[in-house]
Amino acid sequence: MSGSTSKSAELLAHARTVTPGGVNSPVRAFRAVGGTPRFIREAKGPWLTDVDGNRYVDLICSWGPMILGHAHPDVMAAVQDAASRGFSFGTPSENEVALATEIVRRVEPVEQVRLVSSGTEATMSAIRLARGATGRSKIVKFAGCYHGHVDALLAAAGSGVATFALPDTAGVPKSSAGETIVLPYNDVSALEAAFAEHGDEIAAVITEASPGNMGVVPPAPGFTKALRDITTKHGALLVSDEVMTGFRCSGAGWFGHEGQQGESAPDLFTFGKVMGGGFPAAAFGGRADLMGMLAPDGPVYQAGTLAGNPVATAAGLATLQGCTDEVYAHLDSTAHAIADAASAELTKAGVPHTVQWASSMFSIFFRDGAVTNYDDAKDQDTEAFSRFFNAMLDQGVHLPPSAYESWFVSASHDDEAVAHVIDALPAAARAAAAS
Ligand code: PMP
């Protein structure tokens, strides 16, 4: 059982006086699950230690980046070496070329990349490039897919065919979201209908390569191909957002899993998370003819003071180099050991649930039946998830604090960490069952 959380509570109370909600990204506030968010003092391998000295097996992994585990020795050495030579130059440097080369080597259709500092910047820039390249303004996105807090992409409201989205958030003018068409995920006929009506105005379809932000909802067989066929037919670009799946689902991300080569590949990709190894680094890339439209060679402007930062790119490169075939095999077996045990305990406790997968990314929906889109994902017992979450946390296992997230494992999740998770499951499943 975890002990006192008084120092976290004190820090939160103070943080709320200087930062909205006391956190720098809303989900960290635990509003969906209740209780005190743990302020983490340090992390090593699969373990987090909070400011009160409690230890947790980490199943968030910083929402994906920590694929090798926390403070991995090789990444630490690369970071220390880079940092010892200065933190940021504002001029070109070697590490950024090495990281770009590694990404281009891994993801076959990506001929060039531009490095940025967050996934949000990557998708924002990819959309700008798509609009610049096609001279069109409308964007198609799918309900339940998250692409960062880009104005035009924060519209997920409304399902049904070709709903012109209202913004999901205050502060986004209708004019920004009004160029965004939101469609239900995995629904080819909705896509065909939207293109039949607006085909010559649509610059791009952006999709999570395999969505993880409504929980894990992989593309139905043929859906990714349909995206490619329809966009090609109408002269629109296909942007595959691999910020979450990139270099996690395989060495070449989700593309390495179900990707289509040559002309059938997406036009643009976005990356983040793993490629920064826990530091702020992200990228967008694609065919050289498209990327050549960016400044300084072309008319589409895009820039960043810290883009290609030498320390962040050193961390990213060392992380990618550590992602061997053995690491991916370990992620798969670890994720399956945890998910299978969780499912067995939930079944024993009579809790309706469904486990869904994208390679080693998985989530447990607290409902019966497959989840194919955002409406399905929302149709679950989030109260049961909250009880489950809190019972796990109490026993030293830190799950993502929302029912709509993937669980993440790392190369450092060893037998001891997995056993610790498995030991916590029976009580958590009973808590989930007790309404
Ligand atoms: N795209 C996807 C698929 C993501 O999962 C995220 C972050 N969860 C983003 C974009 C935005 O990335 P960032 O938080 O680094 O801005």
- Query: Of Leu237, Leu294, Leu99, which has the largest mean-square fluctuation in a 10 Å C-alpha GNM of the chain?
  - Reply: Leu294
- Task: Could you size up the charge dipole of the chain around its Cα centre, putting +1 on the beta carbon of Lys and Arg and -1 on that of Asp and Glu, and report it in debye to the nearest 20?
- Result: 880 debye
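I'd like the antiparallel share, as a percent to the nearest 5, of DSSP beta bridges with both residues in the chain.
The antiparallel fraction comes to roughly 55 percent.
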- Task: Calculate the radius of gyration of the Cα atoms of the stretch 270-429 to one decimal place, then report Dmax, the largest Cα-Cα distance, as a whole number, both in Å.
- Result: 19.8, 61
- Message: Which one, Ser240, Gly21, Ala315, is farthest towards the positive end of the dipole of the chain when Lys and Arg carry +1 and Asp and Glu -1 on their Cβ?
- Response: Gly21
- Query: Using a basic spin-label model with each label point 7 Å from the Cα along Cα→Cβ, how many nm lie between Ser435 and Arg31?
  - Reply: 2.5 nm
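Where the only charges are on Cβ atoms (+1 Lys, Arg; -1 Asp, Glu), what is the dipole of the stretch 73-322 about its Cα centre, to the nearest 20 debye?
200 debye
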- Value of Rg to Rh for the chain (Rh from inverse mean 1/r over Cα pairs, i.e. Kirkwood): 0.96
- Query: With the chain treated as a Gaussian network of Cα nodes joined by springs under 10 Å, which of Lys233, Lys273, Lys44 yields the largest mean-square fluctuation?
  - Reply: Lys233
- Query: Using modelled backbone amide H atoms (1.01 Å from N, in-plane), which distant-in-sequence or interchain residues come within less than 5 Å of His70's amide H?
  - Reply: Gly45, Trp47
- Item | Cα pair distances in the stretch 73-322, grouped into 5 Å bins until the bin that holds the longest one, percent each | 1, 7, 14, 19, 20, 16, 11, 7, 4, 2, 0, 0
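Can you tell me the FRET efficiency between Phe89 and Asn24 if r is taken as the Cβ-Cβ distance and R0 is 30 Å, rounded to the nearest 0.05? Mind showing how you got there, number by number?
Working: r = 26 Å, r/R0 = 0.87.
FRET efficiency, Phe89 to Asn24: 0.70.
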- Whole-angstrom gap from the stretch 5-56 to the stretch 281-296, using each part's C-alpha centre: 38 Å
- Item | Rg followed by Dmax, in Å, when the stretch 47-154 is reduced to its Cα trace | 18.3, 56
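Here are some pairs, Lys44/Lys273; Lys273/Lys348; Lys7/Lys348; which of them have Cα atoms lying more than 25 Å apart in this structure? Provide the component values of the computation, followed by the final result.
Working: Lys44/Lys273 18 Å; Lys273/Lys348 36 Å; Lys7/Lys348 36 Å.
Going by Cα-Cα distance, Lys273/Lys348; Lys7/Lys348 fall outside the 25 Å limit.
Before anything else, pin down the relative contact order of the stretch 73-322: Cα pairs under 8 Å, at least 6 apart, normalised by residue count, whole percent. Before the final figure, lay out the partial values.
On the way: 528 pairs, mean separation 73.6, N = 250.
It comes to 29 percent, rounded to a whole number.
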- Query: Using modelled amide H (1.01 Å from N, peptide plane; none on Pro or chain starts), what sits under 5 Å from the amide H of Glu405, excluding residues fewer than 5 places away?
  - Reply: Gly215
- Give me the percent of DSSP beta bridges within the stretch 239-389 that run antiparallel, rounded to the nearest 5. 65 percent
- Task: Would you mind calculating the relative contact order of the chain from Cα pairs under 8 angstrom and at least 6 residues apart, reporting the percent as a whole number?
- Result: 22 percent
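Quick one: compute the contact order of the stretch 200-336, relative version, from alpha carbon pairs under 8 angstrom and 6+ residues apart, as a percent. Before the final figure, lay out each step's value.
Working: 185 pairs, mean separation 27.5, N = 137.
Relative contact order, the stretch 200-336: 20 percent.
For the stretch 73-322, give me the percentage of DSSP beta bridges that are antiparallel, rounded to the nearest 5 percent.
Values: 11 of 29 bridges.
Close to 40 percent.
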- Note: Asp375 to Thr101 extended length (0.36 nm per residue) minus current alpha-carbon separation gives 94.7 nm
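Where a number appears in this text, it was derived from the coordinates with a stated rule and is not lab data. This one's a predicted model, so the numbers in the text were calculated from it and none came from an experiment. Cβ atoms come from the backbone with ideal geometry, glycine included; neighbour counts cover every protein chain shown.
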